[in-house]
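Take a look at the structure set out below.
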Number of protein chains: 2
Amino acid sequence: MQTYSARASRIPAAVVMRAATNLPTAIAVAPIRRNFGKGEELFAEGDKAEYFYKVVSGTVRTAKLLSDGRRQIDAFHLPGDVFGLESSEDHRFAAEAIDNVVVEAYRKSQFARLLHDDPEFGQKLMSTMLRNLERAHEHMVLLGRKTAQEKMATFLLDMAERLHKGDQVELSMQRTDIADHLGLTIETVSRTLTQMVRDGLIKLAAAGRTIILSDRAGLQQLNS
Amino acid sequence: MQTYSARASRIPAAVVMRAATNLPTAIAVAPIRRNFGKGEELFAEGDKAEYFYKVVSGTVRTAKLLSDGRRQIDAFHLPGDVFGLESSEDHRFAAEAIDNVVVEAYRKSQFARLLHDDPEFGQKLMSTMLRNLERAHEHMVLLGRKTAQEKMATFLLDMAERLHKGDQVELSMQRTDIADHLGLTIETVSRTLTQMVRDGLIKLAAAGRTIILSDRAGLQQLNS
DNA sequence: CGCTCTCTTGAGCCCGCTCAACGACAGTGG
DNA sequence: CCACTGTCGTTGAGCGGGCTCAAGAGAGCG
């Protein structure tokens, strides 16, 4: 299931040290770097939750499935984001690489020790998880109360902000992923986007994967 | 907006000390007890996030609003639940008492110090917040991918479990709250419940506020 | 008893879903 | 080089689950 194409020995020590001091001021415990190819599974729902991760490059989706295959993607994780930390023994959701992904894996077992040795570590990690919780709250409003247009507008503005490439949004995920993230079908995602093009809100390029926000104000209005 | 009907002096010292050692093994910092009446606001969206809370008795709802008044209740908080801890300066959602509520308020400013002095405190609090995050993930599946029937079934089973009163679920919240929690309208909530009665899944009593789960297996099947 | 708040029920509509077809590429192999 | 195949995105037609609008039924309370 998992690939370990990059191991500590192949990564220059300087890089490892920078990585180690990056998330929190963890001194002794260097994270493990791992590479995953497009579509590969970092972990599945029900796997033992040995590690949690920080994205270095690429995009990771975390998702839950219903028994009949319906899927909800709770978040896309971009470089800098932390995911996979859970209170239970097992992972309650799956994580998959959307494109080529590099992550830093932190051992959960060292977690308690780290928290004890370095309270600042705990504080930073806590604030990271609290930000995840806030995002989840925001997303629940979207899922429960927004229309298809509003969902797309919110999604595009959010992605634009997180990718900080101005008005040009290069989506790494396909329509199915967007649909499962926004609680829509792929057809509705597609239709909503073309309608937004007609309304002059956005422009599509590069096989629909690149989206240019040509009317931010208009999108913002849909964002409530 | 807020009422402080119970202050330290009115609470026996013994009770305060028990409360203090209850959530975590916090030694020095006793939480403040506060009472709120039905419908009262503990804090509003945008308020300075000075405290976070643990429910002692009653039910609290936390909610976010869209500009036109659409509401999403992200969670109901029952005795023992912790809420209101956020990474930002301000509260990103509102908290209101559904019935008569008693909470313990913890100062956020003492939070960093506590984390430093007592790492175990941090660990427990972290695991509490991680459980909140898991609940949020679970709820996103419900909001994004479940039908009205499935939403109600999940909600009823979850409430039954959390209230641990067996098959008898005494709902403290009204239909509007349930609707805004499940991403439905009040009419759909009502219709779904009556349909469940017809299907022999549940029984209604006490003006619809008490629900008896007469066919758990049937409900579980809807829960996926 | 009348007032208000909450919940239920009915009728009809619409947004987003389902089902289906098609177009645009990108491999891949002969 | 082109035919074949699979993946991904778009578009159309029609349907239906849950919404809107509206009225009525209970329940609690002064």
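The values are calculated or read from the model by the stated rules, or taken from the named source; none is laboratory data. Just so you know, these numbers come straight off a predicted model, no measurement behind them. With ideal geometry, Cβ positions are generated from the backbone for all residues, glycine too; neighbour counts draw on all protein chains shown.
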## Note on the structure
Log entry, pairs with first residue in the stretch B:170-190 being closer than 18 Å to residue A:140 by Cβ, second being assigned to a loop (DSSP other than H, G, I, E, B) and within 8 Å of DNA strand D (Cβ to nearest atom), beta carbons closer than 7 Å, six or more apart or on different chains, reads B:179/B:185
### Query
When you look at residue A:220, is it within 13 Å of chain B (Cβ to nearest Cβ) and away from DNA strand C (no atom under 16 Å from the Cβ), yes or no?
yes
### Task
Select, from A:136, A:153, A:207, A:112, the only residue that is within 16 Å of DNA strand C (Cβ to nearest atom) and within 14 Å of chain B (Cβ to nearest Cβ).
A:153
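Can you tell me how many residues within the stretch A:166-181 are of a type outside the set (S, T, N, Q) and either assigned to a helix (DSSP H, G or I) or under 23 Å from residue B:181 (Cα atoms) (or both)?
If we filter the stretch A:166-181 for residues that are of a type outside the set (S, T, N, Q), which is where we start, we get A:166-167, A:169-171, A:173, A:175, A:177-181.
With either assigned to a helix (DSSP H, G or I) or under 23 Å from residue B:181 (Cα atoms) (or both) added as a condition, the list becomes A:175, A:177-181.
Going through the stretch A:166-181 one residue at a time, the tally reaches 6.
Just to be sure I understand, how many residues within the stretch A:101-110 are at pLDDT below 95 and surrounded by fewer than 19 Cβ atoms within 10 Å (Cβ to Cβ)?
4
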## Note on the structure
Result of the Cβ filter at 6 Å on the stretch B:138-156, keeping first residues that are of a type in the set (A, V, I, L, M) and more than 11 Å from DNA strand D (Cβ to nearest atom) and partners that are in a helix (DSSP H, G or I) and modelled with pLDDT under 95, at least 6 apart or interchain, is B:153/B:222
### Task
Take the stretch A:207-224 and flag every residue that is part of a loop (DSSP other than H, G, I, E, B) and within 10 Å of DNA strand D (Cβ to nearest atom).
A:207, A:208, A:209
### Message
Whether any residue in the stretch A:83-93 is in contact (Cβ under 8 Å) with a residue 60 or more places away in the chain and of a type in the set (D, E, K, R) is what I want to check.
### Response
no
### Message
Can you pull out every residue in the stretch A:111-154 that is of a type in the set (S, T, N, Q) and either touching a Ser or Thr at 6+ places or on another chain (Cβ under 7 Å) or modelled with pLDDT of 95 or more (or both)?
### Response
A:127, A:132, A:147, A:149, A:154
### Query
Of the numbered conditions (1) over 18 Å from the mean Cα position of the chain (by Cα); (2) in contact (Cβ under 8 Å) with a residue 24 or more places away in the chain, residue B:68 satisfies every one except a single condition; which is it?
(2)
### Task
Scan the stretch A:192-204 for residues that are without any contact (Cβ under 8 Å) to a residue 24 or more places away in the chain and either within 9 Å of DNA strand C (Cβ to nearest atom) or part of a helix (DSSP H, G or I) (or both) and jot them down.
A:194, A:197, A:198
### Task
Might you check whether a residue that is surrounded by 15 or more Cβ atoms within 10 Å (Cβ to Cβ) and under 19 Å from the mean Cα position of the chain (by Cα) occurs anywhere in the stretch B:191-211?
yes
### Query
Can you name the number of the only condition in (1) away from DNA strand D (no atom under 11 Å from the Cβ); (2) more than 14 Å from every other protein chain (Cβ to nearest Cβ) that residue A:190 fails?
(1)
#### Entry: Conditions (1) more than 14 Å from DNA strand D (Cβ to nearest atom); (2) within 14 Å of chain A (Cβ to nearest Cβ): number failed by residue B:164
(2)
### Task
For residue A:176, state whether it is touching a helix residue (DSSP H, G or I) at 6+ places or on another chain (Cβ under 9 Å), away from DNA strand D (no atom under 12 Å from the Cβ) and closer than 29 Å to residue A:86 by Cβ.
no
### Task
Could you tell me which numbered condition residue B:54 fails, if it satisfies all but one of (1) within 15 Å of residue A:137 (Cβ to Cβ); (2) at pLDDT 95 or above?
(1)
### Task
Among the numbered conditions (1) within 12 Å of chain A (Cβ to nearest Cβ); (2) closer than 24 Å to residue A:74 by Cβ; (3) surrounded by fewer than 17 Cβ atoms within 10 Å (Cβ to Cβ), tell me where residue B:148 comes up short.
(1)
### Query
Can you tell me how many residues in the stretch A:43-80 are in a strand (DSSP E or B), more than 10 Å from chain B (Cβ to nearest Cβ) and touching a helix residue (DSSP H, G or I) at 6+ places or on another chain (Cβ under 9 Å)?
5
